[in-house]
1. At a 1.4 Å probe radius, which order do GLU5, GLU122 fall into by accessible area, largest first?
2. Checking the cross-link filter: which lysines have an alpha carbon closer than 26 Å to that of LYS2, excluding same-chain neighbours under 8 positions apart?
3. What is the spin-label model distance, in nm, from ASP106 to PHE36 if the labels are put 7 Å beyond Cα along the C-beta direction?
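The values are calculated or read from the model by the stated rules, or taken from the named source; none is laboratory data. Just so you know, these numbers come straight off a predicted model, no measurement behind them. Methodologically, a virtual Cβ is constructed for each residue, glycine included, from the backbone with ideal geometry; neighbour enumeration extends over all protein chains shown. The protein model used for the area step is the full one, side chains on, heavy atoms only, and it has no ligands, DNA or RNA in it. Shrake-Rupley method; radii C 1.70, N 1.55, O 1.52, S 1.80 Å.
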Amino acid sequence: MKPEEILKKYQLKITNARIKVLELFQNHNFALSQPFLEKNIELIDRVTLYRTLNTFEEIGLIHKVIDDSFTLKYALCSEVCLHQNNHKHEHIHFQCVKCNQTTCLDVKIPLIKLPEGYQIEEYHFSMKGICKNCVI
Ligand SMILES: [Zn+2]
Ligand SMILES: [Zn+2]
Ligand SMILES: [Zn+2]
């Protein structure tokens, strides 16, 4: 889907910044960090970028990806990701030790049972290893 169409579908105003951010996500199949986005989108200031990412996350277009690189990353949500106020993801993130890219894997996190008295608010499941592009 074209960025313009996606923005329309989510009833967002079409702005240049939003289109550029969406395009960048569509052109990469790994999670993108804020510094990466800043570097690759010209003429967009930090505040606008920050706000754009926040809006996209709120409506369920992108989700947070946490790995051990200490930079917050985001990845596009799949088409079926509809969760207005409860943005949770139950798939696994895979961080490659060679190319250092983190990708969303279409693998569900198994149900984890906690001891009594513990309540989960959010969880992130990430793995490290060698991705399919880096396996020789
Ligand atoms: Zn999502
Ligand atoms: Zn790799
Ligand atoms: Zn993901």
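1. Working: GLU5 100, GLU122 125 Å².
If we order GLU5, GLU122 from most to least accessible, we get GLU122, GLU5.
2. Qualifying lysines at Cα under 26 Å: LYS13, LYS20, LYS39, LYS64, LYS73, LYS88.
3. Rounded to a tenth, the inter-label distance reads 2.0 nm.
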